[in-house]
Amino acid sequence: MTKTEKILKENLIRLRENRGLTPYRVAKANQINMSYYYGMEDPVKSRRINYEYLESLAAFYNVSVADLFTPHFLD
C-alpha cells in the first residue's frame, strides 16, 4: 500500500468515526457498494478508488477531495 492510500484510508475512518457513523450508513448515503466501501477503509487492501466516490464522500463530510489526502488534517 502506498503512503497516499494509507492517508486516504485513515482519513475516511476518522471522518466516519468522528461523526459516529457506521460504514454501512456512509456507503448507503453515497450509493457505494458495501464491500467496495469496506475495501476503501481496509488498511490491508489496496483498491483503485473511483474519483466520483471521492467527490461524493468529500461532499458528504463537507471537506475537499484534497483534504481526504492531507496527512493529519483532522488532528
Theoretical ellipticity at 222 nm over the chain - DSSP helices of four or more residues, -39500 (n - 2.57) apiece, nearest 500 = -17500 deg cm²/dmol
task = Enter the accessible area per residue of the chain (Å², integer; probe 1.4 Å; all protein chains in place).
result = 63
inquiry  = Using a 1.4 Å probe on the protein heavy atoms, what percent of the accessible area of the chain belongs to carbon and sulfur?
reply    = 50
When the range 5-53 is reduced to its Cα atoms, the Kirkwood hydrodynamic radius in Å = 10.9
query = Each residue of the range 15-27 in turn: what ³J(HN,Hα) in whole Hz from Karplus with 6.51, -1.76, 1.60 and θ = phi - 60°, glycine and Pro shown as x?
reply = 4, 5, 5, 4, 9, x, 9, 8, x, 4, 4, 5, 4
request  = Mind giving me the nanometre distance, one decimal, between the label points for Leu54 and Asp67, set 7 Å out from Cα along Cα→Cβ?
outcome  = 1.6
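The values are calculated or read from the model by the stated rules, or taken from the named source; none is laboratory data. Being a predicted model, the structure only gives us computed values, none of them experimental. Cβ atoms come from the backbone with ideal geometry, glycine included; neighbour counts cover every protein chain shown. What goes into the accessible areas is simple: the full protein's heavy atoms, side chains included, and nothing from ligands, DNA or RNA. Shrake-Rupley method; radii C 1.70, N 1.55, O 1.52, S 1.80 Å.
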